[in-house]
Every structure is written in C-alpha cells, then in structure tokens.
Amino acid sequence: VEPAVVFPPCSLEQLLAIPIERKKAPLTFLCVGQYRPEKQQRLLLDAWRDAGLSDARLVFAGGARGEEDLQRAEELRAAAMDDPAIEVLVNVSHVELLRLLASAHVGLHAMRMEHFGICVVEYMAAGCVAIAHDSGGPREDILAPRGVGYLASDRASYSAAIAEAA
C-alpha cells in the first residue's frame with residue numbers, strides 16, 4: 001500500500017481573493033497565533049527590533065483562551081514599550097484578520113516543530129512572504145520544498161530573515 005500525506009484543512013478561498021498588491025509603506029509584519037509560550041512571540045518582537053527597520057510596523061494578532069494567554073499578551077504589549085510601530089491585538093474577528101492579512105507584507109511564525117503551520121499557508125495565500133521556524137511542517141511541507149519564504153531558528157536568523165524580507 002502506497003501511503004498518502006493528508007494535510008490539515010485550510011480554507012483559502014477568501015485569502016486567495018485578497019489582491020497581491022500592497023501599499024508600500026509602512027512595511028507590515030504580521031504574526032498570527034494564540035498567545036501561548038510555544039508560539040514565541042517575544043522572540044519575534046526582539047528579532048524584529050534587532051533588524052532595525054524604519055517605516056515598518058509589527059502586528060501581533062492572537063487568540064487568548066483564558067487568563068494565562070491574556071497575561072502573555074499583556075506581557076508582550078509591555079515589552080513593546082509603547083512603541084507606536086508595534087500593535088498587540090487579542091481575539092480579533094475573522095473579518096479583522098482578513099483585513100490584517102490584506103495589509104501585511106510579511107507573515108511571521110516561530111513555533112518549533114509545528115505539526116503543519118496553517119497560518120503559514122494562510123500568509124502565502126494572502127500574498128505575504130512567510131518567515132517560519134526551520135522545523136516541522138513549515139520546513140518539511142510548506143516552505144523548503146517550494147523554495148519560497150524564509151526559514152529561521154533563533155533570534156539572529158529571524159532578524160536576518162526579517163531584514164532580508166524588508
């Protein structure tokens with residue numbers, strides 16, 4: 001019997017309808033994912049800052065399942081130190097998420113050994129360049145086999161990928 005790979009469902013119809021063209025400025029980096037430790041949003045914030053971009057913004061849009069997730073979102077907001085170029089959004093609606101994807105240029109994802117990485121596929125379908133962790137589904141199934149996007153594994157490599165994508 002020949003095995004078959006069955007990928008998780010990922011509805012792309014609305015995302016593929018998003019125009020590829022974006023306003024040039026500000027260059028927008030978007031990180032979508034629940035506010036959980038394994039999503040490594042703080043690493044992405046630090047790497048984005050290390051890249052030293054001007055006329056760019058970083059938007060986190062994450063889900064909070066309870067008080068611990070809300071606390072992590074607040075800690076990320078505090079780490080942003082009232083930087084007007086950084087936005088931390090919690091529990092956005094699907095309509096708002098589509099708007100964010102339509103305005104983003106680059107999608108960030110830092111979970112290690114993610115089984116698949118649906119948000120990476122969503123970034124690509126919406127016309128964003130994806131930067132994802134060099135492991136699991138993003139490496140094995142999505143980015144590396146197609147030679148698209150960037151793979152990173154630590155703060156320095158994320159910062160380098162962010163700078164290059166800019």
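Quick notes on this one:
- Filtered residues of the stretch 5-33 (kept if in contact (Cβ under 8 Å) with a residue 60 or more places away in the chain, surrounded by fewer than 13 Cβ atoms within 10 Å (Cβ to Cβ), within 27 Å of SER159 (Cβ to Cβ) and of a type in the set (A, V, I, L, M)): ILE20
- On inspection, ASP141 fails the criterion of being of a type in the set (D, E, K, R), within 19 Å of ALA47 (Cα to Cα) and more than 10 Å from the chain's Cα centre (by Cα).
- Filter result for the condition that a residue is under 13 Å from the mean Cα position of the chain (by Cα), farther than 19 Å from LEU27 by Cβ and modelled with pLDDT of 95 or more, over LEU151, LEU108, LEU101: LEU151
- Restricting the stretch 93-111 to residues that are out of contact with any helix residue (DSSP H, G or I) (no Cβ under 7 Å at 6 or more places or on another chain) and part of a loop (DSSP other than H, G, I, E, B) leaves a set whose member that is surrounded by the most Cβ atoms within 10 Å (Cβ to Cβ) is ALA104.
- Qualifying residue in the stretch 139-153 (condition: part of a strand (DSSP E or B) and not hydroxyl-bearing (Ser, Thr, Tyr)): yes
- Any hit, the stretch 73-88, residues being in contact (Cβ under 8 Å) with a residue 24 or more places away in the chain, under 15 Å from the mean Cα position of the chain (by Cα) and surrounded by fewer than 19 Cβ atoms within 10 Å (Cβ to Cβ): yes
- Residues in the stretch 118-147 that are closer than 21 Å to SER103 by Cα and touching a residue at least 60 places away in the same chain (Cβ under 8 Å): ILE118, CYS119, VAL121, GLU122, TYR123, ALA125, ALA126, GLY127, CYS128.
- Filter result for TYR150 (among the aromatic types (Phe, Trp, Tyr) and in contact (Cβ under 8 Å) with a residue 24 or more places away in the chain): no
- Residue that is surrounded by the most Cβ atoms within 10 Å (Cβ to Cβ), among those in the stretch 34-59 that are touching a Cys at 6+ places or on another chain (Cβ under 8 Å) and within 16 Å of ASP82 (Cα to Cα): LEU58
- Selected residue (only one of MET124, MET81 is within 18 Å of LEU15 (Cα to Cα) and at pLDDT below 95): MET124
- Against the test of being over 19 Å from TYR150 (Cα atoms), basic (Lys, Arg) and more than 15 Å from the chain's Cα centre (by Cα), the options ARG65, ARG36 yield a single qualifying residue, ARG65.
The values are calculated or read from the model by the stated rules, or taken from the named source; none is laboratory data. As the structure is a prediction and not an experimental result, all values here were calculated from the model. All Cβ positions, glycine included, derive from the backbone under ideal geometry; neighbour counts span all protein chains shown.
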